[in-house]
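K.L.:
Structure provided below as structure tokens; questions to follow.
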Amino acid sequence: QVQLVESGGGLVQAGGSLRVSCTASGRTFSRYSIGWFRQAPGKEREFVATINWSGGSTAYADSVKGRFTISRDNAKNTSYLQMNSLRPEDTALYYCAATQRGLSTKIAVYDYWGQGTQVTVSS
């Protein structure tokens with residue numbers, strides 16, 4: 001089992017930047033792929049970004065490509081999501097998740113989830 005804790009959410013104006021973090025504990029972190037997902041009130045949870053265990057492969061949702069960057073520091077058991085040029089439609093609860101199955105955009109693939117961190121973007 002892996003425990004994941006997100007942090008770094010907050011309130012930011014449109015056009016601003018924010019970095020959220022996901023720190024893992026409980027089991028070896030380095031061999032897990034990490035995904036970031038978000039869920040706004042009244043909407044389904046959606047894929048945002050993912051990174052494989054080595055950090056050599058990444059994928060992004062079209063809505064965030066060019067604005068968001070996913071990274072990881074295995075020595076710190078942490079994944080980061082750098083969010084730039086934020087828009088009001090980015091407002092959501094952001095979750096990180098882990099899987100041993102490799103890089104994936106599918107929610108069902110991920111075995112472990114954090115509690116989420118709130119990101120609110122004002123206009």
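The values are calculated or read from the model by the stated rules, or taken from the named source; none is laboratory data. In this text, all values refer to a predicted model and were calculated from it rather than measured experimentally. Cβ atoms come from the backbone with ideal geometry, glycine included; neighbour counts cover every protein chain shown. Side chains included, ligands, DNA and RNA excluded: accessible areas come from the protein's heavy atoms. Shrake-Rupley method; radii C 1.70, N 1.55, O 1.52, S 1.80 Å.
K.L.:
Send over a whole-number figure in Å² for the accessible area per residue of the chain, probe 1.4 Å. Working shown, then result.
P.N.:
On the way: 6240 Å² over 123 residues.
Accessible area per residue, the chain: 51 Å².
K.L.:
Can I ask one more? How much net charge surrounds residue 37 when only other residues with a Cβ under 14 Å from its Cβ are counted (Lys, Arg +1; Asp, Glu -1)?
P.N.:
-1
K.L.:
Given all pairs of different Cα atoms, what value in angstroms does the Kirkwood hydrodynamic radius of segment 1-54 take?
P.N.:
Kirkwood hydrodynamic radius for segment 1-54: 13.2 Å.
K.L.:
What whole-number value in cubic angstrom gives the convex hull volume per residue for the C-alpha atoms of the chain?
P.N.:
Looking at the chain, the number lands at 90 Å³ per residue.
K.L.:
Shifting gears a bit: Choose one answer from 64, 48, 20: the residue with the largest mean-square fluctuation in a GNM of the chain with alpha-carbon springs under 10 Å.
P.N.:
Residue with maximal mean-square fluctuation among 64, 48, 20: 64.
K.L.:
Then there's this: Would you work out the charge dipole size for the chain about its Cα centre, treating the Cβ of every Lys and Arg as +1 and the Cβ of every Asp and Glu as -1, and quote it to the nearest 20 debye?
P.N.:
Once rounded to the nearest 20, the dipole reads 220 debye.
K.L.:
Which of the lysines could a cross-linker span from residue 43 if the Cα-Cα distance has to be under 23 Å and same-chain partners fewer than 8 positions apart are dropped?
P.N.:
65, 106
K.L.:
Could I ask something else about it? Post the alpha-carbon centroid distance, segment 90-123 to segment 45-62, in whole angstrom.
P.N.:
Answer, in whole Å: 10.
K.L.:
Send over the Kirkwood Rh of segment 72-123, from the inverse of the averaged 1/r over different Cα pairs, rounded to one decimal Å.
P.N.:
Taking the inverse mean of 1/r over all distinct Cα pairs, segment 72-123 comes out at 12.9 Å.
K.L.:
Report, to the nearest whole %, how much of the accessible area of the chain belongs to carbon and sulfur atoms, 1.4 Å probe, protein only.
P.N.:
Its accessible area is 44 percent carbon and sulfur atoms.
K.L.:
Tabulate in residue order the Karplus-calculated ³J(HN,Hα) for segment 9-22, using 6.51 cos²θ - 1.76 cosθ + 1.60 with θ = phi - 60°, rounded to whole Hz; enter x for Gly and Pro.
P.N.:
Going residue by residue, I get x, x, 9, 9, 6, 3, x, x, 10, 7, 10, 9, 10, 9 Hz, with x marking Gly and Pro.
K.L.:
FRET efficiency for residue 101 and residue 122, Cβ-Cβ distance as r, R0 = 30 Å, nearest 0.05?
P.N.:
So, using R0 = 30 Å, E works out to roughly 0.20.
K.L.:
Right, another one. Compare 98, 49, 108 in a GNM of the chain, Cα atoms joined below 10 Å, and give the one with the largest fluctuation.
P.N.:
Largest GNM mean-square fluctuation: 108.
K.L.:
When only Cα pairs under 8 Å and 6 or more residues apart are kept, what is the percent relative contact order across the chain? List each step's numbers first, then the result.
P.N.:
Working: 318 pairs, mean separation 45.0, N = 123.
Dividing the mean separation by the residue count of the chain yields 37 percent.
K.L.:
Place +1 on the Cβ of every Lys and Arg and -1 on the Cβ of every Asp and Glu in the chain, take the dipole about the Cα centre, and give the residue among 41, 86, 52 whose Cα lies farthest towards its positive end.
P.N.:
Of the listed residues, the answer is 52.
K.L.:
Can you tell me, using C-alpha contacts under 8 Å and at least 6 residues apart, the relative contact order of segment 27-97 as a whole percent?
P.N.:
Averaging sequence separation for qualifying contacts and normalising by length gives 34 percent for segment 27-97.
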